[in-house]
Amino acid sequence: MQLTEKHREYWRKNLIVTSILVFIWFVVTYVIGYYAIPLTEITFMGWPIPFYMGAQGSLAIYVLIIWFYASYMNKLDKEYGVHEGEDE
Amino acid sequence: MSNGATQAFSQKAFAQALKKYYGFYTGGFVGFVIVLGIAEQLGLPNRWIGYAFLFATILLYAGIGVMSRTADVAEYYVAGRRVPALFNGMATGADWMSAASFIAMAGGLYLGGYDGLAFVMGWTGGYCLVAFFLAPYLRKFGQFTIPDFLGARYGGHIPRMVGMFAAILCSFTYVVAQIYGVGIITTRFTGVDFQVGVFLGLAGILVCSFLGGMRAVTWTQVAQYIILIIAYLIPLAMLGVRHVSFPVPHVVYGFALEKVTQAEKRITADPKEVEVRNIFKKRADEADAKLKALPGSYAAEKAAVEKKLADLRAANAAPAEIKSAEDAVKSFPPSAEAAKKKWEGDKAAAAARTAPPRPHAMPFPGKDEKARDIARKNFLALIFCLMVGTAALPHILMRYYTTPSVREARVSVTWSLFFIFLLYFSAPVLAVLVKYEMYQFVVGSKFADLPRWVANWSAVDRSLLNVVDINGDGIVQLAEITLGGDIIVLATPEIAKLPYVISGLVAAGGLAAALSTADGLLLTIANALSHDLYYKIINPHASTKTRLTVAKMLLLVVAVMAASVAAQKPADILFLVSAAFSLAAAGFFPALTLGIFWKRANKWGATLGMLAGVGITFYYMCITQPWLRKVFNVSGTIAENTWWDISPISAGIFGVPLGFIVIIVVSLLTPAPEKEVQELVDHVRYPVLEGDIDTRGA
C-alpha cells in the first residue's frame with residue numbers, strides 16, 4: 001500500500017476543511033459564551049443575542065457545518081478517486 | 001465491494017421498503033392516538049388511556065424485537081451494516097435522548113435560565129466532534145466495539161482492556177439512571193409500586209434487545225424516535241398557538257421572553273412579593289437561631305409545642321386548630337440530632353425562597369463580578385465536558401459501525417444531529433412559554449380561582465407543584481410557588497388545554513426516550529464483555545453459536561444488575577450521569593482522535609494517557625463532590641480542594657488535556673509503532689485505497 005502525492009493532498013484538504021469548521025464551532029460556542037455578558041445588550045426580536053445563539057442559533061449552525069462536511073468530503077472522495085463502490 | 005452494483009441496488013430497495021414501513025407505522029400510531037381521543041370524548045377514563053399507551057407501545061416494541069431476532073454475528077453486533085443514514089440518524093437520536101432530555105431538560109432550563117443552555121449546546125455540539133474526528137474513520141475500520149479499535153490501533157490486550165473498563169464504567173452509571181427513569185414514568189402513569197415499575201420497565205427493555213441485539217435495538221429505536229418526537233412537538237405547537245398565535249413558536253417566542261423579563265422586574269419590586277420573601281427570610285433566621293441554640297433549644301421548643309396544645313385544649317379552641325397542634329407534637333423530632341437535621345432542612349428550604357426571580361435571559365447572574373466570573377468559567381467548562389463526552393460515549397460511536405459505507409456514516413451524523421436538534425431547540429422554547437404562562441396568568445390570580453392545571457397538579461404531587469398562601473392575602477405571589485422541573489413537560493398538555501389523550505402521549509414519549517437509551521447502553525456493556533473480554537481475550541476460538549449465547553446471557557445479567565441498583569434509588573443520580581460524560585471524555589477522546597490523526601501515537605502513550613485522564617478526573621471528583629468525599633473520607637474543605645473554582649461535574653476539563661499530554665509525551669519517549677499500525681492509520685483515513693488491508697470484523 002503506497003500513498004501517492006494525490007493521497008497526501010486529499011488528506012491535507014481534509015485537515016484544512018476540518019480546521020475551518022472546528023474554528024466556526026469554537027466561535028459560536030465558546031467565544032459567544034465568553035462574551036455573553038456584554039453581548040446581552042444587543043437584542044433582536046426580543047432575544048438577547050447570546051440567549052438566542054445558545055438556545056437555537058448555535059445548534060442550527062452545528063447541523064449546517066456537519067452537513068457541509070459530509071457533502072464536501074463525499075465530493076472530495078470522488079475527485080481523488082478514493083470513493084466507495086457504486087452506492088449513491 | 002466486488003458485487004457493488006447489486007449491493008447498491010438491494011440497499012436502495014431496502015431503504016425504500018423501510019420508508020414505506022415506517023410511513024405506515026407513523027400513520028398507524030397517529031390513528032391510534034385519534035381513536036383513543038374519540039374514546040376519551042365518549043367517556044373512557046384517564047387511567048385506561050394511560051394503560052392503553054403503556055401496553056400498546058411496549059407490545060409494539062416487543063413485536064419489532066421478535067421480528068428482528070437473529071443468529072448472525074454481524075447482525076447481532078452491528079445490524080448487518082446496512083442501516084441507511086436517515087434511519088441510523090433516527091436510531092441515534094432515540095439512543096441519545098434519554099428520559100433526562102425528554103422530561104427534565106425543559107425544567108432545568110426553566111429553573112436555570114441562560115446558564116441551563118450549557119446542556120443544550122453541550123449535548124448537540126458534541127456531534128460536530130463525532131462528525132469531524134471519529135464517525136467516518138471508525139466506520140472504515142468497521143469492527144464491532146470501540147475497544148476493538150483501541151486493540152487494533154495500539155496493539156495488544158492492554159489498551160483493549162483499559163478501553164473496555166472505561167466503556168463499562170461510564171455506560172453502567174448511565175444505564176442505572178435510565179432504568180430509574182423508566183421506573184418513575186411507569187409508576188406515574190399506572191400507579192404501580194416503584195420497584196415493580198423498574199422491573200416492568202426492564203421487561204420492556206429486554207424484549208427490544210434480547211433476541212436481536214443491535215439489529216432489534218436499531219429498528220425499535222427508530223420506532224421510539226418517531227413516538228418521542230411527536231409527543232414532544234405536538235403539545236409545544238399547541239402552546240405556541242395559545243401564547244404567540246403560531247404553531248412554530250421557535251421563530252417568534254422572543255416576544256414572550258421580553259414579557260417574561262418585564263414580569264421579572266415587576267415581581268422583584270412588587271411590595272406583596274417582597275413581603276412574602278421577608279416572611280421566608282424570617283423563617284430562615286428563626287431556624288438558624290434554633291440551630292445555634294442547640295442542644296438547649298431542643299427541650300425548649302418541645303415544651304413550647306406541648307404548651308400550645310395544652311393551652312388550646314384549655315381554651316376550647318376550634319377542633320381544626322387542636323388537630324394541627326396535635327400533629328405538631330406528634331411530628332416533633334424524637335431527638336436533638338433529628339431536630340438538627342430537620343431545622344437545617346427548614347432553614348435551607350426557607351432561604352432558597354428569599355431571593356427575587358432569576359433573570360431568565362441574563363447570563364451568569366451573581367452577586368458580584370467575581371461570582372459572575374466563576375459562573376461563566378463553569379458554564380464554559382461544562383459545555384466542553386459535555387461536548388467531548390458526547391463524542392466519546394461508546395453507545396453512540398458504536399452506531400456508526402452500522403451504516404453501509406463511510407459516505408453514509410458522514411451523512412448519518414448529519415441526520416443524527418438534525419433529529420436531536422428538533423427536540424433540543426424546542427426545549428428552551430417550552431421553558432420560556434411555560435414561564436410566560438406562570439408569570440402572566442398564575443402569579444396575581446386569586447387562590448379562589450386558580451387555573452385548573454395548577455389545582456390538578458398540586459393535587460397529584462406536591463413536590464412537582466405547590467402553591468400556598470403564605471401572607472394570607474388571597475392572591476398568588478411568585479414566591480409562594482414551589483415547583484419541580486419535571487412539571488414543565490408533564491403539565492404542558494393541560495396548560496395548552498389539550499385533552500388527556502395528549503398527556504398519555506407525552507408519557508409514551510418519555511417512556512420511549514428512556515427505553516431506547518437504556519437499550520443502547522445495555523448492549524454496549526454486554527458487547528464489551530462478550531466480544532472484547534470473552535471472544536477476543538478468553539476464548540478466541542469460540543463458535544458463532546457460543547458467542548451469541550454468551551452475549552445474550554451477559555445482556556440478561558447486566559440488565560438485572562442495573563435494575564437492582566436502580567431499584568435501591570441511589571443518591572445523587574444526576575451527578576452520576578454527568579460524571580459519565582467527564583469520565584468518557586477523559587478516557588476515550590484523546591486516545592481515539594490521536595489514534596487516527598497522529599501516526600506516532602503508540603501503545604504505551606495511549607494506555608497511560610487513558611489511565612491518567614480517567615485517574616485525574618475521578619480524583620478531582622473525589623476531593624470536591626460531597627457524596628464521593630464522604631465515601632472516600634476526604635480531608636480538607638471543598639473550597640480548599642477546588643482548582644480554579646471548577647465544580648466536580650466538569651472534572652473532565654482537567655482529564656482531557658492531561659490525557660492528550662501524556663499520550664504525546666510518552667509516545668515520543670518510547671519507540672514508534674510498527675509499520676502495520678501505520679498502515680492501519682492510512683487505511684482508516686481513506687474510504688478506499690489501492691492494495692488496502694481489510695479490518696472488517698466477522
> Can you name the number of the only condition in (1) within 14 Å of another protein chain (Cβ to nearest Cβ); (2) assigned to a helix (DSSP H, G or I); (3) buried (at least 23 other Cβ atoms within 10 Å of the Cβ) that B:V83 fails?
Replying inline: (2)
> Is it true that some residue in the stretch B:594-606 is in a helix (DSSP H, G or I) and free of Cβ contacts under 8 Å to residues at least 60 places away in the same chain?
Replying inline: no
>> Residues that are within 21 Å of the chain's Cα centre (by Cα) and crowded, with 16+ Cβ neighbours inside 10 Å: list the helices (runs of 4 or more DSSP H) wholly contained in chain A that include at least 1 such residues.
In response: A:5-26, A:49-52, A:58-79
> Mind checking which pairs have a first residue in the stretch B:663-690 that is more than 14 Å from every other protein chain (Cβ to nearest Cβ) and a second that is assigned to a helix (DSSP H, G or I) and among the hydroxyl-bearing types (S, T, Y), Cβ under 8 Å, 6 or more apart or different chains?
Replying inline: B:P673/B:Y154
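For B:G113, are the conditions met, namely being over 30 Å from B:A203 (Cα atoms), touching a His at 6+ places or on another chain (Cβ under 6 Å) and buried (at least 24 other Cβ atoms within 10 Å of the Cβ)? Can you show your working first?
On the way: over 30 Å from B:A203 (Cα atoms): yes; touching a His at 6+ places or on another chain (Cβ under 6 Å): yes; buried (at least 24 other Cβ atoms within 10 Å of the Cβ): yes.
The answer is yes for B:G113.
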> Which condition does A:V31 not pass, out of (1) at the interface with chain B (Cβ under 9 Å from one of its Cβ atoms); (2) closer than 30 Å to B:V432 by Cβ, if it passes all the others?
Replying inline: (1)
>> Condition check: among the aromatic types (F, W, Y), buried (at least 24 other Cβ atoms within 10 Å of the Cβ) and modelled with pLDDT of 85 or more. Does B:F132 satisfy that?
In response: yes
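Out of B:A612, B:A606, which single residue is at pLDDT 85 or above, more than 22 Å from B:G122 (Cβ to Cβ), touching a Pro at 6+ places or on another chain (Cβ under 8 Å) and of a type in the set (A, V, I, L, M, F, W, C)?
On the way: B:A612 fails: touching a Pro at 6+ places or on another chain (Cβ under 8 Å).
Exactly one of B:A612, B:A606 is at pLDDT 85 or above, more than 22 Å from B:G122 (Cβ to Cβ), touching a Pro at 6+ places or on another chain (Cβ under 8 Å) and of a type in the set (A, V, I, L, M, F, W, C), namely B:A606.
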>> For a quick check of your reading of the model, give me the residue pairs whose first member lies in the stretch B:143-160 and is closer than 13 Å to B:P673 by Cβ, whose second is at pLDDT 85 or above and among the β-branched types (V, I, T), with beta-carbon atoms closer than 7 Å and at least 6 apart or on different chains.
In response: B:P159/B:T607
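Quick one: which helices (runs of 4 or more DSSP H) lie wholly within the stretch B:614-683 and hold at least 3 residues that are within 30 Å of the chain's Cα centre (by Cα) and either crowded, with 18+ Cβ neighbours inside 10 Å or of a type in the set (D, E) (or both)? So that I can check it myself, show each step before the final result.
Details: elements: B:626-632, B:638-641, B:652-669.
Counting at least 3 such residues, we get B:652-669.
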> Can you name every residue in the stretch B:429-462 that is of a type in the set (A, V, I, L, M) and under 17 Å from B:T492 (Cβ atoms)?
Replying inline: B:V429, B:L430, B:A431, B:V432, B:L433, B:V434, B:M438, B:V442, B:V454, B:A455, B:V460
>> For the stretch B:248-263, give me each residue that is within 7 Å of another protein chain (Cβ to nearest Cβ) and in contact with a Phe, Trp or Tyr (Cβ under 8 Å, 6 or more places away or on another chain).
In response: B:H250, B:G254, B:L257
> Any chance the stretch B:407-429 includes a residue that's over 30 Å from B:L86 (Cβ atoms) and either outside any loop (DSSP other than H, G, I, E, B) or within 22 Å of the chain's Cα centre (by Cα) (or both)?
Replying inline: no
> Is it the case that the stretch B:91-103 has a residue that's at pLDDT below 85 and in contact with a Lys or Arg (Cβ under 9 Å, 6 or more places away or on another chain)?
Replying inline: no
> Among B:P247, B:P235, which is the only one that is in contact with a Gly (Cβ under 8 Å, 6 or more places away or on another chain) and not aliphatic (A, V, I, L, M)?
Replying inline: B:P247
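The values are calculated or read from the model by the stated rules, or taken from the named source; none is laboratory data. Note that the coordinates shown come from a computational prediction; the quantities given were computed from them, not determined experimentally. Neighbour counts run over all protein chains shown; Cβ positions are idealised from the backbone, glycine included.
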